[in-house]
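Only one structure is covered here, and it is reproduced in the block below.
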Amino acid sequence: MKLKINGTDSEMQDGITVSRLLETLQIEPARVAVEVNLQIVKKCNFDDHILKDGDSIEIVNFVGGG
């Protein structure tokens, strides 16, 4: 299926979850916020939120500073 991830078109397997997407992209789930079609997905729902063809995903990394 086709997804738009941070503005870039990508191909992923059908029925992939947010957790599996992050794993595939080698992104640590604890350090990011994920938005699907302009809606934030809570971390507790990463395992259950199934992505659909055409979804637009934004993955934002938390950056510490001081």
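Just so it is clear, none of the values below were taken in a lab; they were calculated from the coordinates. Model, not experiment: these values are computed from the prediction. For neighbour counting, all protein chains shown are included, and Cβ atoms are generated from backbone atoms with ideal geometry for every residue, glycine included.
Worth a mention:
- Here the chain carries DSSP beta bridges of which approximately 85% are antiparallel, counting only pairs with both residues inside.
- Least to most buried among T17, T8 (fewest other Cβ within 10 Å first): T8, T17
- Remark: relative contact order (the chain) = 44 percent; criterion is Cα-Cα distance under 8 angstrom and separation of 6 or more residues.
- Computed 3J(HN,Hα) for the stretch 52-62, one whole-Hz value per residue from the Karplus formula 6.51 cos²θ - 1.76 cosθ + 1.60 where θ = phi - 60°, is 10, 3, x, 4, 10, 10, 10, 10, 10, 7, 7, glycine and proline marked x.
- Straight-line cross-link partners of K2 among the lysines, defined as a Cα under 21 Å from its Cα and at least 8 positions apart when in the same chain: K52.
- Here the Karplus relation 6.51 cos²θ - 1.76 cosθ + 1.60, evaluated at θ = phi - 60°, turns the backbone of the stretch 35-43 into coupling constants of 10, 10, 6, 6, 10, 6, 9, 5, 4 Hz, with x for every Gly and Pro.
- Cα gyration tensor category, rounded, prolate or oblate, for the stretch 2-61 with a/c compared to 1.5: rounded
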